[in-house]
Amino acid sequence: MRLEGETALVTGATESVPVQDPVRVREVGPRDGFQNEPEVIETADKVRLVEMLARTGLRRLEVTSFVRADVIPQLADGPEVLRRADVPEEVAVSVLVPNERGSTTRSRCVSASRRSASSCRLLRSTTEGT
């Protein structure tokens, strides 16, 4: 796929087809990938990966999720990764917030962050307790 102004060209095996609506990609590799690893990755390594991804031309990057450390220990350092990562201003940083407790964590993190998340993806479950 190649983006040209407001029109994307999707190139297939035999022809190029114009797509009127631009494609918007949100890279979720850091958040999704870190939580699926069996071991906990060092915070500095996570920060380095986020910073490298942010310089590839991406415009939207989901860095972490604010979840309970006893449930997903791989993301326990999410606020620290968000605080330390040096991400260019043109990259929209987001976090996944699965519940009210995560929202509270995000609020505390924003005040201490060099660059806070520009958006949150909130999840609500009908079975979620308080």
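Throughout, read-outs are computed from the coordinates displayed, never taken from laboratory work. Predicted model only: the values in this text are computed from it and were never measured. Backbone-built Cβ (ideal geometry, glycine too); neighbour counts: all protein chains shown.
What FRET efficiency comes out for ASP21 versus ASP70 if R0 is 35 angstrom and r is the Cβ-Cβ distance? Round to the nearest 0.05. Plugging the Cβ-Cβ distance into 1/(1 + (r/R0)^6) gives 0.25. As a rough guide to protection, the peptides 64-76, 47-59 ranked by mean Cβ packing within 10 Å, highest first, stand as 64-76, 47-59. Counted residue by residue at 0.36 nm each, then reduced by the alpha carbon distance between them, the extension gain from THR43 to ARG55 reaches 2.4 nm.
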